[in-house]
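I have placed the structure first, in the form of structure tokens, so that the comments after it can refer back to it.
No lab work stands behind these numbers, since they all come straight from the coordinates. Small disclaimer: the values here were computed from a predicted structure and weren't measured. Glycine also receives a Cβ, built like all others from the backbone with ideal geometry; neighbour counts cover every protein chain displayed.
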């Protein structure tokens, strides 16, 4: 067994198996779901870290499940971007798991409705671990039909998590989310069918190598792109996101905004990476325009919100735009473009999750999240407010955070390629982000003593996990070479 | 990396460490907070002293840290950064002492001193920045660490001022960011130790370089309160007095002025800047700012607002000196970085004392203050005289060199600007002095907090302004000695820029 | 005035529908274009499936694909079903507004007659799957149907499986699949890589367990909520009131 | 171009997809939307099966396996959708009850 671990390639499959196992166990141990849940998260984290270490030390590779080579069998692929996403999920996921433990305990302690909160926690752990496994599977998969299956797993578990809070608004939001997700999945599946019809293979690499602009392939790309854009909530398709993300439980919001969105986008990126040289300027520009509108519109909406969690949710809509404006830049510098966008993804993931966790803590402590009534909450929850502010800094792209590095890379690409309208979009996005984040932060960090009295009811682990995540977002401002080294490992 | 490279990091950590610990301290643990503050400030001064000695002996200190391939954060101590570091660390010590007494019994002190230390750390980072990226890095952080100090009082007015401050500085920060990225895209990373990097680009990309220069200038100009971008400064006066002192003398405005020096001398280089015709606009802009600030100061009745407009005017002497571009003028500008800091911090300390002890904020109520607060007003008078530029005070030295430099460069009109501005300085400072010393007290003081023993106020409120006032007198009197700022500036101009 | 507005509104909606229909028609045209043009479709994987069939342990090509070549998909698919049950069970307590009609004697006797037959058919399909059409999913679907019938009839047969064991039973399928996959990895070095000589038996056992799990999961999905949780309408209303207050 | 029976099946699949899409967009009731999604799924499955019989010589089992997997996934998500729709309607019902009660007491 140990020999197997040391020599084999099973590292690749462990980040998928372990959370699956954890999910089953936490489902079975319904009296104590937290124990297997947190344990599963911890083990998965270490497995992911080990995978990253293995990748850096031994290079990337493929893993043929069941020993069947493609096109017959399914293969997993480990290269820089895939493993980086797995690692990002591990870091954010571990913090969210630690947070969730404290969150449910605090809720169970706080109110009279123990049964309801117990039931919520009982469902949370299996759903979350299944989601984690599905995300890892999605990142590592090299088979387009397998991607569809993982997409569905992700969609169903996200919907389940969204509906978990039981609030009427969350039920409606979950219903809408589910329908949009199913539409996206089916569109994706039809695209997969088209691709299979033309290429007779489901292996993404084989397809990518033989790609042409035949009508069927064009239709396949359109279907797949639209399906994934729906799931990523790119601008015209963003309508479902804010209510779903804002009305969920705090750890769930963090998971949805920090991880799930990135999952669908990652597949989009993988598909487009191959076709980009073929499609020419127009399609990439179209994506970038949608991204630009998303940045501006999302930021404007975020500014208009009265509730903290809605603000953060709309900020996700805006930040998604950045994931798409990279495509025109990638035509001239694919490697630099990929590096920039992945840097953005990981720092956004940490920062956004930290902000949602912090917002959830504030909500639990104060009992509401109306921004204008949050003055003085710093006195009660200093670490949480600091985490929120730090996450906000990263979104604004100010040093010393990962967001700054990402913005720097974006801007330097745009400037050196002389795409001035993109420069304008990036700058406008940063300014708008600064406006809406400062609006929220000015309230929660305000020195005014309109104190939200009352004893601290939230668990320490909630404060610390959000802070740790925000500090990771900050740390990303200093470990650029390391991350880029990881991204550049070939498959 | 050998030990003395770590020195620069230690200098940063000497205030960052205490700052972070102070954040986590309880509000009531006053003794440990004070100890930490003073310990940090003194340690920093000692470390800076070691560094200066090293530089004087010809050591070079540099720390490199790669944050992206081909992109480094560099801390480097050259003579110019030593000047700013010394100024900041000395003034920080006094400001800390002053703030401890000033904020006694007010709420949120842990928060305040935490950000206070952070702010100084970042300022030192700006001073030690060895390339443009590092400068940008710390420059943006300065905005964030000073904002909580500006809004510290938490009143509606303070929050509004904080909003204005953020809008100005963040917008400036973004302009600076674009400029830096653009310059990097054209010329690669811009290291301060390699002047003339841009010279080969002048022929082909002259216009672009000009645009970038104005972007950078606008970016740092916001913090330096250059004329159309100065709007935040008078409003930020709602902050507590130590914060104003810090903003005006140690950190923000100074960082902006320092940035102008760096951009002109180290990024573009004098020759390139002159070839591109960038110096004349800067000269005009700073002359306008000098006059504008002085004129506006005349009509202010609030003491701190008058001082703020005075800062707008005085800081532009630095930019003026650089833009004139002759060695003497550059010396005058650079030395004013120190002189203005010393004098202005004294003035703000005194204004704070007057407000804290007597509850007076307006100049019209200051009649007869000299008799109630003789020591404070003496310090105030010294500093104000210096500001006006009476010989042999510090301000005179700066203006003298500026004038000589302008004449050497054939820009005689600058002398008129200097004379006129000195007259205006006199016009807004002398009435204060006259009223305070020679007029009778009118009615009760608004809120007299009483004397402390035989002293007019708490000793920690009196000692810092007295020391800074005396120092500002001495640097003028002993300007020719080998230990004066002027001598150091001469050293900078000779060794650093070979002028 | 109001009528006017509402007609305008209706007109707007009709226009919107018309517009979407036109766009959908265009989309169909585009899809048809993609489907019809572009030359001969590729021959697919039929040949490679046949070539490797000998090593797969089964004779049915579809079963070989499902449980050997692409067994990873099937494993995840078991988890999709499991996930479905978890999600449905996680939803808030609920009772339909229209209670089920009373059970007639016809349904009861039909159940008595059909259940053994369905189990038999399911078993046959499972067995047949190794060399012709059929297999775990078909068998599971039949078993699921049987479960639905039992539920409809509130049959006493339901109590054969105690409620406490229900989660365990639901987990059993995916858990077993996972254990087999990991076991293959530990013994042979490859995840899901059965040895050639044991493949046949492994696949049959897997299929049997999977069919059972699928049937059970389908029935659980049909039921719609966690069995032990039944709450009165009053409790639901109370919970809702409280949450409205929180919002 | 020769118009074979395979094309008819394929086009029918696509048409079903579009019809489902239309239902999803245009129908207001949740139940109809869910049914529409199922029709879309059926369309995709039919299309996949058509691909399996693409050149008519050798039947390709892989799309069949994909359809089987797809059906199970679709069953699972339909179940979730129905359960959720039940909750949404239940809530609307409860809310109406509450309103009525409030009005009666007021």
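Side notes on the structure shown:
- Relative contact order [Cα under 8 Å, 6+ residues apart], chain A, whole percent: 17 percent
- The angle between the Cα long axis of helix B:132-150 and the main principal axis of chain B comes to about 20°, on a 0 to 90 degree scale.
- Sorting A:64, B:317 from the fewest to the most surrounding beta carbons within 10 angstrom yields A:64, B:317.
- Working from Cα pairs under 8 Å separated by at least six residues, relative contact order for chain B is 14 percent.
- Taking all pairs of distinct alpha-carbon atoms in segment A:280-491, Kirkwood radius in angstrom: 17.5 Å
- Placing a label point 7 Å from the Cα of residue C:17 along the Cα-to-Cβ direction, the residues of segment D:1-42 whose backbone N falls under 16 Å of that point are D:19-30, D:32-33.
- Here residue A:431 and residue C:208 are evaluated by their C-beta separation; at R0 = 56 Å the FRET efficiency comes out at 0.35.
- Using a cutoff of 8 angstrom between alpha carbon atoms and counting only pairs six or more residues apart, the relative contact order for segment B:300-499 works out to 31 percent.
- Helix-derived mean residue ellipticity, 222 nm - over chain A, DSSP H n ≥ 4, -39500 (n - 2.57), to 500: -25500 deg cm²/dmol
- Sorting C:59, A:335 from the fewest to the most surrounding beta carbons within 10 angstrom yields A:335, C:59.
- For the protein assembly as shown, alpha-carbon Rg relative to the globular expectation (2.2 N^0.38 Å, N residues): 1.06
- Neighbour-count order for C:35, D:94, fewest beta carbons within 10 angstrom listed first: D:94, C:35
- Rough spin-label spacing in nm, given labels placed 7 Å along Cα→Cβ, for residue D:92 and residue C:36: 4.1 nm
- Chain B: angle of helix B:202-224 to the longest principal axis, Cα-based, in degrees nearest 10: 10 degrees
- Förster-model FRET efficiency, 45 Å R0, residue B:275 and residue A:490, C-beta, rounded to 0.05: 0.45
- Where labels lie 7 Å past Cα in the beta-carbon direction, separation of residue C:158 and residue C:9 in nm: 4.3 nm
- Förster-model FRET efficiency, 25 Å R0, residue B:419 and residue B:478, C-beta, rounded to 0.05: 0.50
- Hull volume in cubic angstrom per residue (convex hull over the Cα atoms of segment B:300-499): 106 Å³
- Between helix D:30-52 and chain D there is an angle of about 10 degrees, using the helix long axis and the longest principal axis of the Cα atoms.
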